[in-house]
Amino acid sequence: QMQLVESGGGLVQAGGSLRLSCAASGRTFNTYAMGWFRQAPGKEREFVAAISGAERTYYAESVKGRFTISRDNAKNTVYLQMNSLNTEDTAVYYCTARYYYSSTDSAQYAYWGQGTQVTVSS
């Protein structure tokens, strides 16, 4: 079992930045791929970014060049640095985990956090 707790969401103006954090329980964090998904009101959950156990990163086209995913295995934490935010980034952001290999498919992830709200104002 792995428990995930997100933090760092909030309200920010367009063009601003936020850093989300996700703290994971468990002693085998470095063997898990970690991902971020988001869900805006009235929309389906969508892939944002992922980082494998080998620290290979993947991004949705909509966030490439603006968002950066990273992990600190010593702290059992994954981060999502979000820059140049726009109103379309407004959503609940979820941290996810699955064993070793990353995926852009939410159905492949076994563990989910409770989500953190990110609101970007114009």
Among (1) in contact with a helix residue (DSSP H, G or I) (Cβ under 9 Å, 6 or more places away or on another chain); (2) open to solvent by 20 Å² or more (accessible area, probe 1.4 Å); (3) hydroxyl-bearing (Ser, Thr, Tyr), which single condition is SER21 missing? (1)
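Go over the candidates TYR58, TYR32, TYR79 one by one and state the one that is in contact with a Gly (Cβ under 7 Å, 6 or more places away or on another chain) and over 24 Å from SER122 (Cα atoms).
It is TYR32.
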Criterion: surrounded by fewer than 21 Cβ atoms within 10 Å (Cβ to Cβ) and either modelled with pLDDT of 95 or more or within 13 Å of ASP89 (Cα to Cα) (or both) - qualifying residue of GLY53, GLY10, GLY35: GLY10
Within the bounds of the range 105-112, is there any residue that is outside any strand (DSSP E or B) and either out of contact with any Lys or Arg (no Cβ under 7 Å at 6 or more places or on another chain) or more than 23 Å from GLN1 (Cα to Cα) (or both)? yes
Could you please let me know if LYS75 is within 16 Å of MET2 (Cα to Cα), open to solvent by 20 Å² or more (accessible area, probe 1.4 Å) and either free of Cβ contacts under 8 Å to residues at least 24 places away in the same chain or in a loop (DSSP other than H, G, I, E, B) (or both)? yes
Out of VAL120, VAL63, report the one residue that is among the β-branched types (Val, Ile, Thr), touching a residue at least 12 places away in the same chain (Cβ under 8 Å) and touching a helix residue (DSSP H, G or I) at 6+ places or on another chain (Cβ under 7 Å). VAL120
Looking only at the range 38-50, how many residues end up being in a loop (DSSP other than H, G, I, E, B) and open to solvent by less than 60 Å² (accessible area, probe 1.4 Å)? 1
Which of the residues that make up the range 105-122 are closer than 14 Å to GLN39 by Cα and surrounded by fewer than 19 Cβ atoms within 10 Å (Cβ to Cβ)? ASP105, SER106, TRP112, GLN114, GLY115, GLN117, THR119
Among what's in the range 56-65 and is over 13 Å from VAL118 (Cβ atoms) and part of a loop (DSSP other than H, G, I, E, B), pick the residue that is most open to solvent (accessible area, probe 1.4 Å). ARG56
It is to be established whether one or more residues within the range 84-96 are open to solvent by less than 60 Å² (accessible area, probe 1.4 Å), touching a residue at least 12 places away in the same chain (Cβ under 8 Å), closer than 14 Å to LEU4 by Cα and hydrophobic (A, V, I, L, M, F, W, C). yes
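The values are calculated or read from the model by the stated rules, or taken from the named source; none is laboratory data. Source: prediction; values computed, not measured. Reconstructed Cβ throughout: ideal geometry from the backbone, glycine too, with neighbour counts over all protein chains shown. The area values use the complete protein model at the heavy-atom level, side chains included, leaving out ligands, DNA and RNA. Shrake-Rupley method; radii C 1.70, N 1.55, O 1.52, S 1.80 Å.
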